[in-house]
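Below is one structure; the comments refer to it alone.
The values are calculated or read from the model by the stated rules, or taken from the named source; none is laboratory data. Bear in mind that the values here come from a model prediction, so they are computed numbers and not experimental data. All Cβ positions, glycine included, derive from the backbone under ideal geometry; neighbour counts span all protein chains shown.
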């Protein structure tokens, strides 16, 4: 007689599996029935189902040098590729890579040197499942969050990448990852990843379809980004202001500040910022006068995080994209705390601590989906006085400051992070056009409406881009499994 699940237990949250069907691992995630059904479905097709390891010359990951900052150099070093440095489009921005000292590369990193055509798979953390191809004839290394696979001629690396970018391929990778705080896949598991062994002609056709889809998607995304980039230019034109470009001549790197104008800081970059010029071009008021409250979030260690169904979303800097909009693809959840109120809708979320490049990212929290959320200690929630300023308008101004390196210039640094303290944030001047509140709010609303129209147009481009890529993936899946 087979085991019967008690009636009081939710059958959607449990499953029963025969002991004889368990392979290698005992964790529930690995043995979910949908994964077994997927593999069974693949094995029943006319193609041969092979393993990555059976078609590879070598398979390896890298390390992160223990010598910390002493391992790196500003220029003329060996590129050090991390999982965040390569995209699904096979592109690596070499201008943003860390560079290893040649002696570090030659001693401890020699075993993780990349070659053109290496398949790259992210195997640690939030980027697990990201798949790229190293397509450069340039000496480079990888860290321990990447597995590099050097394939035999039986598998085209771009075909393997295409397969693992489909929904089926992502499910296969998802199966073997350990869903713990520091999710990971080991090299043996990468080696065991199954893939349909099609003939080279079919592989080439699949690569062509995916490349065509990627190129079309890139054009749509480029169109969207151009629209988003136009927001700052539009706002500045409404303020009738142009940021002056700094020249690199020595006499333009030296400036004088009246002692009476010092504001408690002696660092030159603080006074080198353009913010004073901006606020003098129109009527402005300090943020402290325009806001009711500035509420910081709280810190939570990795050990205190919980699963989604057990906790509350905590908004962190990674939830604010580079265009100042909230995204929910890398969420962290924390236990509900009775003494901590949820974030109110309608507030402005200011990223007070980040790298010097990104400190000051800001997003408007409309909470259209009625989420219960907290914020981390890297976020300050600003509640504004709507009789003086619109929160969406403040968000646009703060993001403009960030993108024009105002916060880069005025932030302070500690523990390898940059920050804008509460006093400094409150002291910021915000341009308001006129002291007439009614006229100022009318002008702010006009700007907000225009920005929202730009966002809508950009979103349509992004949706079109995603649709193009989804169609390409679906076509590839159809070619493989019908």
(message) Here is a list: 343, 300. Which entry is at pLDDT 95 or above, farther than 24 Å from residue 239 by Cβ and assigned to a loop (DSSP other than H, G, I, E, B)?
(response) 343
(request) For segment 358-453, please list each of the helices (runs of 4 or more DSSP H) lying entirely inside it that holds at least 3 residues being out of contact with any strand residue (DSSP E or B) (no Cβ under 6 Å at 6 or more places or on another chain) and surrounded by 20 or more Cβ atoms within 10 Å (Cβ to Cβ). (result) 391-403, 406-410
(request) Considering each residue of segment 310-321, count those that are at pLDDT 90 or above and either within 13 Å of the chain's Cα centre (by Cα) or surrounded by fewer than 16 Cβ atoms within 10 Å (Cβ to Cβ) (or both), and give that number. (result) 6
(request) Could you tell me whether residue 361 is under 27 Å from residue 389 (Cα atoms), without any contact (Cβ under 8 Å) to a residue 12 or more places away in the chain and in the same structural domain as residue 428 (by TED's automatic domain parsing)? (result) no
(request) Identify all residues within segment 426-459 that are more than 25 Å from the chain's Cα centre (by Cα) and more than 13 Å from residue 388 (Cα to Cα); write none if there are none. (result) 426, 427, 428, 429, 446, 447, 448, 449, 450
(request) Go through segment 326-341 residue by residue and tally those that are in contact (Cβ under 8 Å) with a residue 40 or more places away in the chain, surrounded by fewer than 18 Cβ atoms within 10 Å (Cβ to Cβ) and touching a strand residue (DSSP E or B) at 6+ places or on another chain (Cβ under 9 Å). (result) 1
(message) Looking only at segment 230-262, filter to residues that are assigned to a loop (DSSP other than H, G, I, E, B) and closer than 23 Å to residue 399 by Cα; which one of those is modelled with the highest pLDDT?
(response) 240
